[in-house]
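Below is one structure, written out as structure tokens; comments come after it.
The values are calculated or read from the model by the stated rules, or taken from the named source; none is laboratory data. Just so we're clear, the structure is a prediction, and the values are computed from it rather than from any experiment. Methodologically, a virtual Cβ is constructed for each residue, glycine included, from the backbone with ideal geometry; neighbour enumeration extends over all protein chains shown. The accessibility values were calculated without ligands, DNA or RNA, using every heavy atom of the protein model including side chains. Shrake-Rupley method; radii C 1.70, N 1.55, O 1.52, S 1.80 Å.
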Amino acid sequence: MAGKKDKKIIVGNWKMNPNSQVEALRTFESIKKKAGKLRNVQTVICPPAIYLSSLGKKVTGHRCVLGAQNTFWENKTGSFTGETSADMLSGVGAEYVIVGHSERRAIGEDNKVVGKKLISALKAGMNIILCVGEQERDNDGEYLRFIAKELVIALNDIPRRYCLNVIIAYEPIWAIGKDAERPATPEDVHEMSIFIRKVLSEVVGKDFAMTIPILYGGSVNPKNSQAFLESGGIQGLLVGRASLKAETFNKILEQSNETSVS
Ligand code: PEP
């Protein structure tokens, strides 16, 4: 994968946690200490936007960097109450941004909005992590058409050179969060990674498609992370709950550092 060769990309999505800046700093410092020692892992921590600025001051080096959980589609300053632009996020140290997380889609973000956010973040020089994932699996392959549509609408209009800053996170909704039915299996993920790569080839061309890392997210923990990396055909993980405690997340980082991807 261009610029990220052989490094597994391990992203921690803290969602709306923790409740205080002191705790955010403590957790980040502990993750950074571990991540700084791992050559084969690119660690990206996505805290709530309110903590980005203070955590940004603690970033040293490139092994453990910051991402935002959301952005706005307009990059000019203006009358957009409550919104934060990609320029602003990048200005306080976020190098990555998650776009189209299912929890944001659930509160009204559609594929078009996701596409607009993606373009503005890419223009601001950020790396984007585009989340795609189906609500449920059916026997007619409808879920595959759903994923293809999410990818096509989001990526169709981006200038091809921006593909080098695109990461796809496959996050089946049924496998995410504390109410998850179950994590996906490495076989589920492998099959989907092949499908996503095929759709990417159709949308951005084979050469660019091959540069785009694919991550898996959904109930990843220290017990299953290695199997996803070894057999899922993916280049990294997007971790929610298991990224909130440094001790747990650090185990995933350590294991990922030791694991060869397929
Ligand atoms: C997520 O919401 O991005 C996620 C992967 O959550 P969890 O790991 O908690 O299922």
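Quick check: anything in region 65-74 open to solvent by 20 Å² or more (accessible area, probe 1.4 Å) and polar (S, T, N, Q)?
Yes, some residue in region 65-74 is open to solvent by 20 Å² or more (accessible area, probe 1.4 Å) and polar (S, T, N, Q).
Among the residues of region 182-228, just one is touching a residue at least 24 places away in the same chain (Cβ under 8 Å), polar (S, T, N, Q) and over 22 Å from residue 12 (Cβ atoms), namely 211. Taken together, 241, 145 contain a single residue that is over 20 Å from residue 118 (Cα atoms), within 13 Å of the ligand (Cβ to nearest atom) and basic (Lys, Arg), which is 241. Residues in region 37-50 that are open to solvent by less than 50 Å² (accessible area, probe 1.4 Å) and farther than 13 Å from residue 13 by Cα: 38, 41, 42.
If the condition is being open to solvent by 40 Å² or more (accessible area, probe 1.4 Å) and either at pLDDT below 95 or touching a helix residue (DSSP H, G or I) at 6+ places or on another chain (Cβ under 7 Å) (or both), then region 89-101 contributes only 92. Scanning region 102-140 for residues that are open to solvent by less than 10 Å² (accessible area, probe 1.4 Å), within 14 Å of the ligand (Cβ to nearest atom) and in contact with a Cys (Cβ under 9 Å, 6 or more places away or on another chain) gives a single hit, 129.
Considering region 166-262, the qualifying helices (runs of 4 or more DSSP H), each wholly inside and each with 3 or more residues that are under 20 Å from residue 143 (Cβ atoms) and at pLDDT 95 or above, run over 186-204. Residue-level check: of (1) within 16 Å of the ligand (Cβ to nearest atom); (2) on the phi > 0 side of the Ramachandran plot, residue 205 misses just (1).
The residues on offer are 85, 102, and the sole one that is out of contact with any Ser or Thr (no Cβ under 6 Å at 6 or more places or on another chain) and closer than 24 Å to residue 204 by Cβ is 102.
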